[in-house]
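Note sheet for the following structure.
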Amino acid sequence: LGFAWDPWNNGKTVIRGYGGVYYARSPLLIFSSPINNFRLPPGDVSVTLPFPVAAGQPATLYDQFALIGIDLNSFGLEDLPNVTPEQIAQIAAALGLAPNPFLGANVIAIADGFENPRSYQVGGGVEHQLTEGLAIGADYTYVKAVHLERNVQANLPTASFDPADKAQRPQYLVSGAVRPIPTLRDVTIRDSSASSLYQALTLRAKFQRDWGQVNVFYVLSTNYSDDDNERDSGGTAYEDAYNFRPEYNYSNLDRRHQFTANPVFYLKYGFEVSAAIRLLSGTPFDARYGSDANRDTANTDRPYSAPGVPFLRNAFRNKPIYNVDMRVQKRFEFSENHSITVLAEFFNLFNVENITLNQGFSTVANYCAAPVTSDCGFGGKPNPNFLQIRDQNSTSKTFGQILTGNNPGAPFLMQLGVRYQF
């Protein structure tokens, strides 16, 4: 439902509004693994060897393969044995375990009651012509999305707590813990429990004359979510499978400030100069603990700000991006139907480095320096290179130099071209 209203009936001001409920499809990628599992042999089930056994039993991969007559020393790296489900069952039986060909398997399934995403959207705005050729406007957008997909590790035992742990972090696969389905390992359930909320205020202006035009936009926005797993075929991103409250924070896509401008100027002698200006504040950045501290097989743990209180997801910010591109061109007309345009394009005109932090680069993502203690976040030694572009570790050989594991921005580029139109 939408409307447009000219309150003074003079063609210079318009007030618009809209609202609606929108249904989206789920990407087929998230269904491929679960559907592929339900056949023989299953197409996306993995088994981790060696099997965990009691003390005194064959515990290494070599010893467990030897139980069924496979000597790994007799194979080269280029022709390792292709173990069948039947041989896995034989190894399990030889260890006194249930002769199950999928013993210790990692499986993926779709949750009961899975629903496609849905969003509730409302918005409105006003646009006004101040003078001839100059118009300004403001718009507000609200989008609440529900039933977003999330990967959940479902086969975890009840959490336990170590009295000596200063952070009082829940621990799952500790010694002696039994999974709810003990014959399986990781059971990933793809459910639709995630949600998001986007709000934005957009200010814009358009100035137009015979000698050129300028469009300017500024967006002040927030984008919250508790999972950003769209189109991800696997993996978990949360701190604790039984506590999603710290996950609801800034989305991976959130940018607080965005400024764009697109000026075009028509100069003498047929020259045209245009530019694209984009100034973006940094996207969120998630602090890391650096290891699987809660022993749930997912290395996405965060530091704790106090005993029992984990950091919020995406609690920090990446570096901003400033980019200015420009084009200069001149057109030569030879006849009514023939012309040649000579152009020069400049990308990242001011050669701004635009280096951004790499979430997968432990040197800048880990909050604490090694050795990391359990009280990382409120008592552990901070990592001097956390959120840094240059090495801040005074004892490092690369002190003061750029950390090469981050993401470099595109350098200044120029290209020349000729376009013939006929």
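The values are calculated or read from the model by the stated rules, or taken from the named source; none is laboratory data. Nothing here was measured: the structure is a model prediction, and the numbers come from that model. Don't worry about glycine lacking a Cβ; one is built from the backbone with ideal geometry, like all the others, and counts go over all protein chains shown. Side chains are part of the model used for accessible areas, which takes the heavy atoms of the whole protein and leaves out ligands, DNA and RNA. Shrake-Rupley method; radii C 1.70, N 1.55, O 1.52, S 1.80 Å.
Considering amide H positions built from the backbone, and no H for Pro or chain starts, which residues 5 or more places from SER305, or on another chain, come under 5 Å of its amide H?
PHE311
Please compute the net charge surrounding ASN249, taking Lys and Arg as +1 and Asp and Glu as -1 over other residues with Cβ under 14 Å from its Cβ.
Cβ neighbours under 14 Å give a net charge of -2.
For a bin width of 5 Å, list the pair-distance distribution of region 326-411 built from all Cα-Cα distances, rounded to whole %.
Percent of Cα pairs in each bin: 3, 12, 14, 14, 11, 8, 6, 6, 6, 5, 5, 4, 3, 2, 1, 0.
Give me the angle, in degrees from 0 to 90, between the Cα long axis of helix 85-94 and the longest principal axis of the Cα atoms of the chain, rounded to the nearest 10.
Approximately 40 degrees, to the nearest 10.
Using only the alpha carbons of region 2-108, determine the length spanned along each of the three principal axes and report them from longest to shortest in whole angstroms.
Extents along the principal axes, in whole Å: 90, 32, 29.
How large is ³J(HN,Hα) for each residue in region 359-371, as worked out from phi by the Karplus curve 6.51 cos²θ - 1.76 cosθ + 1.60 (θ = phi - 60°), to whole Hz, x for Gly and Pro?
The phi angles translate into 4, x, 9, 4, 4, 9, 8, 6, 6, 10, 7, 6, x Hz.
Counting other Cβ atoms within 10 Å, which chymotrypsin sites (Phe, Trp or Tyr not before Pro) in region 53-148 have at most 14 and lie in a DSSP loop?
PHE75
222 nm [θ] for the chain, helices only, -39500 (n - 2.57) per DSSP H run of 4+, per residue, to 500?
When only DSSP H runs of four or more count, the value is -2000 deg cm²/dmol.
Rounded to the nearest 5, what % of the DSSP beta bridges within region 261-375 are antiparallel ones?
95 percent
Which of the lysines could a cross-linker span from LYS397 if the Cα-Cα distance has to be under 24 Å and same-chain partners fewer than 8 positions apart are dropped?
Reachable lysines: LYS381.
Name the residue farthest towards the positive end of the dipole of region 222-370 from the options HIS257, ASN223, ASN348, assuming +1 on Cβ of Lys and Arg, -1 on Cβ of Asp and Glu, about the Cα centre.
Value: ASN348.
State, to one decimal in nm², a quarter of the convex hull surface area for the C-alpha atoms of the chain, i.e. the direction-averaged projected area.
32.0 nm²
What is the local net charge at LEU220, summed over the other residues whose Cβ is closer than 13 Å to its Cβ (Lys, Arg +1; Asp, Glu -1)?
+1
Would you mind getting the Kirkwood hydrodynamic radius of region 213-265 from its Cα pairs, rounded to one decimal in Å?
About 13.9 Å, per the Kirkwood formula over Cα pairs.
With a 1.4 Å probe and all protein chains left in place, how much accessible area per residue does region 192-316 have, in Å²?
49 Å²
Just to check, using Stokes-Einstein with a Kirkwood Rh over alpha carbon pairs, what's the diffusion coefficient of region 191-332 at 25 °C and 0.890 mPa s in µm²/s?
Answer, rounded: 133 µm²/s.
Roughly speaking, what % of Cα-Cα pairs in region 82-207 are separated by over 27 Å, rounded to a whole number?
So the pairs more than 27 Å apart make up 56 percent of the total in region 82-207.
Under unit Cβ charges (Lys, Arg +1; Asp, Glu -1), what dipole magnitude, rounded to 20 debye, does region 122-223 have relative to its Cα centre?
300 debye
Heavy atoms only, probe 1.4 Å: what % of the accessible area of the chain goes to carbon and sulfur, would you let me know?
Here carbon and sulfur together make up 58 percent of the probe-accessible area.
Could you name the lysines in cross-link range of LYS330, using Cα to Cα under 26 Å and dropping any fewer than eight places away on the same chain?
Here the lysines satisfying the reach criterion relative to LYS330 are LYS206, LYS268.
Using a 10 angstrom Cβ neighbour count of at most 11 plus a DSSP loop assignment to flag exposed GluC sites (Glu not before Pro), which longest range of the chain is free of such sites?
So the longest stretch without any such site is 133-335.
Which of the trypsin sites (Lys or Arg not before Pro) across region 338-422 are loop residues per DSSP, with 16 or fewer other Cβ within 10 Å?
Qualifying residues, ordered by number: LYS397.
Dipole magnitude of region 175-329 about its Cα centre, charges +1 at Lys/Arg Cβ and -1 at Asp/Glu Cβ only, in debye to the nearest 20?
680 debye
Please work out whether region 65-116 counts as rounded, prolate or oblate from its C-alpha gyration tensor, where a ≥ b ≥ c are the square roots of the eigenvalues and a/c under 1.5 means rounded, while otherwise a/b larger than b/c means prolate and anything else oblate?
Oblate shape, in that a/c is at least 1.5 and b/c is the bigger or equal ratio.
Taking the Cα centre of the chain as the origin, how large is its charge dipole in debye, to the nearest 20, when only Lys and Arg (+1) and Asp and Glu (-1) carry charge on their Cβ atoms?
Once rounded to the nearest 20, the dipole reads 1320 debye.
Determine which aspartates and glutamates satisfy two conditions relative to LYS166: a Cα distance under 12 Å, and not lying fewer than 8 residues away in the same chain.
Reachable aspartates and glutamates: ASP375.
Report the chymotrypsin sites (Phe, Trp or Tyr not before Pro) located in region 374-418 that are in a DSSP loop and have at most 16 other Cβ atoms inside 10 Å of their Cβ, or state none.
PHE378, PHE399, PHE412
So what's the gap between the Cα centers of region 1-30 and region 283-340, to the nearest angstrom?
29 Å
What residue among PHE244, LEU280, PRO180 has its Cα farthest toward the positive end of the dipole of region 176-292, where the charges are +1 on Lys, Arg and -1 on Asp, Glu, each on the Cβ?
LEU280
Put +1 on the Cβ of each Lys and Arg and -1 on the Cβ of each Asp and Glu in the chain; which of ASN9, ALA92, ALA109 then has its Cα farthest toward the positive end of the dipole?
Most positive-ward Cα: ASN9.
Hey, with R₀ at 22 Å, roughly what FRET efficiency would PHE207 and PHE3 work out to, going by the Cβ-Cβ distance, to 0.05?
0.20
Quick check on the chain: of the DSSP beta bridges with both residues there, what percent are antiparallel, nearest 5%?
For the chain, the DSSP antiparallel bridge percentage is about 95.
Percent antiparallel among DSSP beta bridges with both residues in region 88-201, to the nearest 5?
That works out to approximately 85 percent antiparallel.
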